[in-house]
Amino acid sequence: MAKPVLLVTRRLPPAVEARAAAEFDARLALSDQPMADVQAQAQGADAILTCPGDNFDAALIASLPASVKVIATFSVGFDHIDIAAATKRGIAVCNTPDVLSVATAETALLLILAAARRAGEGERLIRAGRWRGWAPTQLLGVGAIGRQLGIFGMGRIGRELARLARGIGMIIHYRDVARLPPALEGDATFHDSDASFLGACDILSLNAPGGEGTYHWLNAKRIALLPRGAVVVNAARGTLVDDEALIAALRSGQVGFAGLDVFEGEPRLNPGYLTLENVVLLPHLGSATVAARDAMGFLALDGIAAVLAGRRPENLVG
Ligand code: DGY
């Protein structure tokens, strides 16, 4: 029997491509960049495996051939896919939850420590040949251990970050649409208002999904509710942050330090960040470990196979 045709829109880790080629009639991509002609490449395809940054908007989805039954994204976030448009076309959508939670939480913790301890500034000092030796007042940070960490978005990644942060003595606060059941909440403190939550954040970590509901959640009004000098990190989606407001706060000292792995409109970012010493910038490395990326690919392929076999996969989002 002929294998189903799978269009892969980006180069993927070797183990994932090998499995895709073994199980499907796979049209593998040669590039790390988004595919320009998805609609043409998808002719005759049963399934598409895509990535964040590939914009599957209503127009693209409407133009896909009727053969396409499922789109899987190599990510937990699916804000780059118009789910309603896919549903209207009868196309299932799958993502890759859970398997990247540890890696992404690790990146958030990395940003917390790097921002609070000024690691980016220290690295730049040495590389620029400007380091003159140890000095009692050099690059004094604020530390993270024993301080209050506020997690906005206590889903899988937020809870994983809470687990790691507890391990280094941080005190966990969180804000979400609803309070978690006790088994998931543990000793974390739930806040039902922005004012009480943000007021408790020595360090604020954004871990909520992107999309309309969280667009520019961290704006000037909410930043003003943080204690002066707070640390802000974002390993979720750039769209959660009003960049102009955060840049102004980093300049005024209302936010002491920031660590950002994601940016609205990435790979372009607001040039204001590049003028600031007190921000650590990473190129969307959240889930970038070999183990996490392999597992993400395998889960996406599992979802595609299930849909094509007429089963409902656990990683179905629409
Ligand atoms: C995701 O999965 O949504 C990340 O942003 C990429 O790993």
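Quick note: the coordinates plus some simple rules give every number you see, no bench work behind them. These numbers come from a predicted model, not from an experiment. A quick note on method: Cβ atoms are made from the backbone with ideal geometry, for glycine too, and the neighbour counts reach across all protein chains shown.
Would it be correct to say that residue 48 is in contact with a Leu (Cβ under 9 Å, 6 or more places away or on another chain) and among the β-branched types (Val, Ile, Thr)?
Working: in contact with a Leu (Cβ under 9 Å, 6 or more places away or on another chain): yes; among the β-branched types (Val, Ile, Thr): yes.
Spelling it out, residue 48 is indeed in contact with a Leu (Cβ under 9 Å, 6 or more places away or on another chain) and among the β-branched types (Val, Ile, Thr).
Quick one: residue 68 ticks every box in (1) in a helix (DSSP H, G or I); (2) among the β-branched types (Val, Ile, Thr); (3) away from the ligand (no atom under 16 Å from the Cβ) bar one, so which box is it?
Of everything listed in (1) in a helix (DSSP H, G or I); (2) among the β-branched types (Val, Ile, Thr); (3) away from the ligand (no atom under 16 Å from the Cβ), residue 68 misses just condition (1).
Of all residues in the range 231-277 being in contact with a Ser or Thr (Cβ under 6 Å, 6 or more places away or on another chain) and of a type outside the set (D, E, K, R), which is surrounded by the fewest Cβ atoms within 10 Å (Cβ to Cβ)? Before the answer, list the steps.
Of all residues in the range 231-277, those in contact with a Ser or Thr (Cβ under 6 Å, 6 or more places away or on another chain) come to 233, 235, 240, 261, 264.
Next cut, of a type outside the set (D, E, K, R) only: 233, 235, 240.
Values: 233: 28, 235: 28, 240: 23.
So the residue we want is 240.
Suppose the filter is farther than 23 Å from residue 296 by Cα, away from the ligand (no atom under 16 Å from the Cβ) and more than 24 Å from the chain's Cα centre (by Cα); does residue 20 pass it?
On the way: farther than 23 Å from residue 296 by Cα: no; away from the ligand (no atom under 16 Å from the Cβ): yes; more than 24 Å from the chain's Cα centre (by Cα): yes.
No, not satisfied.
Looking at (1) within 16 Å of the ligand (Cβ to nearest atom); (2) under 30 Å from residue 69 (Cβ atoms), which is the one condition that is false for residue 308?
The single condition residue 308 does not satisfy is (1).
Residue-by-condition table, conditions (1) in contact with a Lys or Arg (Cβ under 8 Å, 6 or more places away or on another chain); (2) assigned to a loop (DSSP other than H, G, I, E, B); (3) hydroxyl-bearing (Ser, Thr, Tyr); (4) surrounded by fewer than 19 Cβ atoms within 10 Å (Cβ to Cβ):
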residue	(1), (2), (3), (4)
86	no, no, no, no
99	no, yes, no, no
111	no, no, no, no
115	no, no, no, no
122	no, no, no, yes
126	no, no, no, yes
131	no, yes, no, yes
141	yes, yes, no, yes
149	no, no, no, no
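Mind checking which residues of the range 269-314 are within 19 Å of residue 207 (Cβ to Cβ) and part of a loop (DSSP other than H, G, I, E, B)? Break it down stepwise before answering.
Restricting attention to the range 269-314, the residues satisfying the condition of being within 19 Å of residue 207 (Cβ to Cβ) are 279-289, 292, 296.
Within the range 269-314, 282, 283, 284, 285, 286, 287, 288, 289 meet the criteria.
Examine the range 252-261 for a residue that is within 21 Å of the chain's Cα centre (by Cα), small (Gly, Ala, Ser) and part of a strand (DSSP E or B), and state whether such a residue exists. Spell out how you get there, then give the answer.
So in the range 252-261, the residues within 21 Å of the chain's Cα centre (by Cα) come out as 257-261.
If we keep only those that are small (Gly, Ala, Ser) too, we end up with 258-259.
If we keep only those that are part of a strand (DSSP E or B) too, we end up with 258-259.
Yes, the conditions are met somewhere in the range 252-261.
Among the residues of the range 217-238, are any of a type outside the set (Phe, Trp, Tyr), over 26 Å from residue 122 (Cα atoms), more than 16 Å from the ligand (Cβ to nearest atom) and out of contact with any helix residue (DSSP H, G or I) (no Cβ under 7 Å at 6 or more places or on another chain)?
yes
Going residue by residue through the range 93-104, is there one that turns out to be within 16 Å of the ligand (Cβ to nearest atom), within 16 Å of residue 207 (Cβ to Cβ) and among the small types (Gly, Ala, Ser)?
Yes, the conditions are met somewhere in the range 93-104.
Among what's in the range 278-305 and is of a type in the set (Val, Ile, Thr) and within 16 Å of the ligand (Cβ to nearest atom), pick the residue that is surrounded by the most Cβ atoms within 10 Å (Cβ to Cβ).
Initially, the range 278-305 is screened for residues of a type in the set (Val, Ile, Thr), giving 279-280, 289-290, 304.
Imposing the further condition that a residue be within 16 Å of the ligand (Cβ to nearest atom) reduces the set to 289-290.
On the way: 289: 16, 290: 11.
Ranking the candidates gives 289 first.
Can you tell me which condition residue 90 does not meet? The list is (1) part of a loop (DSSP other than H, G, I, E, B); (2) in contact (Cβ under 8 Å) with a residue 40 or more places away in the chain, and all the others hold.
(2)
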